[in-house]
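A short worksheet on the structure shown next.
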Amino acid sequence: MKIAVTGSTGTVGSQVVRLLAASAGHEVVALARRPEAVAGSRTHGPVSAVYADYDDPASLRAALVGVDTLVFVSGDGEAARMLVQHGNVVRAAADAGVGHVVYLSGVDADLASPFCYAFTNGYTEGLLAASGCGFSFARASLFTEFFAAFLRPALVSGELRVPAGDGRVSLVSRADVGRCLAALALLPPSGRHHDLTGPESLTPDGIAQVLTGVAGRPVRYTDVEPGVLAEDLARAGEDPWWTYAYGSMFASVRQDRWSAVSTEVRRLTGRVPLGVADVVGPVA
Ligand SMILES: NC(=O)c1ccc[n+]([C@@H]2O[C@H](COP(=O)([O-])OP(=O)(O)OC[C@H]3O[C@@H](n4cnc5c(N)ncnc54)[C@H](OP(=O)(O)O)[C@@H]3O)[C@@H](O)[C@H]2O)c1
């Protein structure tokens, strides 16, 4: 079986390439717009690095010829551009007759969500469902490592200042998500979505309690107005797109769109999913 992986120079994609390369019996193709940056993974087994840029449909079509399974790690950056890029990937996969696309989506993949990437994910799932390719949708919750950008300052200041309302979040470790993507790639297409979540769903007060345990001193949650987060981010020099994207993410958290908890990480990987303290604890 020939398995291709997008985002192979990134954190999740490179992990998936390593895991697949370490499990015998198939060929792994690391797709990248900078194939030279994938070179390290060659040492782990039968991996080839092939040029494929989401903005270059011809490169995607060429790279996917003969591929049985594609692990499609979603792109990043401005959402409108991602819609076009994801359309290019899905069309190329369909043209090449890829039998199974494992797509990294999000627990909030609702087109009606205020979260900018919920639309991207919901739209891409729709394209894939209509593409003729078999599919499995890996709907990850918010990555703990990513959300840690808001948690680590709280460990220092003693205050978790985010506009999260009382919304629960089932933060999931990025490493668990990578392991699930690799596991799904070795299974037949499920034709459904798989919620990939951490072990529990925590309110912001609950997250502050976990941080209190990690810091060894009190951390409290302050529910700030959405505009306050935007001001804080702008003052810190954050890019306008990301200021908007973070704000839209917290709007979806306030609507409790990330509270689902599933047993899929354990079912797919055989491991108990990492909790928040497991991820933020060691480096705090
Ligand atoms: N659930 C969450 O909380 C959460 C949080 C953050 C991100 N995400 C999603 O998860 C994905 C994986 O996360 P990650 O941490 O592994 O991200 P990452 O380390 O930033 O990796 C992103 C990958 O996408 C590739 N890429 C970007 N633009 C491309 C293009 N035009 N053509 C081909 N490849 C392109 C990058 O290639 P280069 O090395 O060439 O740039 C890189 O390999 C992200 O892309 C995003 O969709 C989810």
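The values are calculated or read from the model by the stated rules, or taken from the named source; none is laboratory data. These numbers come from a predicted model, not from an experiment. Glycine also receives a Cβ, built like all others from the backbone with ideal geometry; neighbour counts cover every protein chain displayed. Accessible surface areas use protein heavy atoms only, side chains included; no ligands, DNA or RNA. Shrake-Rupley method; radii C 1.70, N 1.55, O 1.52, S 1.80 Å.
Quick notes
- Residues of segment 199-240 that turn out to be under 25 Å from residue 278 (Cβ atoms), outside any helix (DSSP H, G or I) and in contact with a Pro (Cβ under 8 Å, 6 or more places away or on another chain), as a count: 2
- Condition check for residue 153: touching a Phe, Trp or Tyr at 6+ places or on another chain (Cβ under 7 Å) and at pLDDT below 95: no
- Whichever residue in segment 53-83 is more than 22 Å from residue 36 (Cβ to Cβ), within 10 Å of the ligand (Cβ to nearest atom) and free of Cβ contacts under 8 Å to residues at least 60 places away in the same chain and, among such residues, is nearest to the chain's Cα centre (by Cα): 82
- Residue within segment 253-276 that is of a type in the set (A, V, I, L, M, F, W, C), crowded, with 17+ Cβ neighbours inside 10 Å, at pLDDT 95 or above and farther than 30 Å from residue 187 by Cα present: yes
- If you go through segment 13-38 and keep only what is within 13 Å of the ligand (Cβ to nearest atom) and either in a strand (DSSP E or B) or open to solvent by 10 Å² or more (accessible area, probe 1.4 Å) (or both), you end up with 14, 15, 18, 30, 31, 32, 33, 34, 35, 36, 37.
- Close pairs (8 angstrom Cβ cut-off, 6 or more residues apart or separate chains): among the acidic types (Asp, Glu) in segment 13-40, open to solvent by 10 Å² or more (accessible area, probe 1.4 Å) and within 13 Å of the ligand (Cβ to nearest atom) anywhere: 36/49
- Candidate set: segment 151-180, residues that are charged (D, E, K, R) and within 16 Å of the ligand (Cβ to nearest atom); chosen: the one surrounded by the fewest Cβ atoms within 10 Å (Cβ to Cβ): 152
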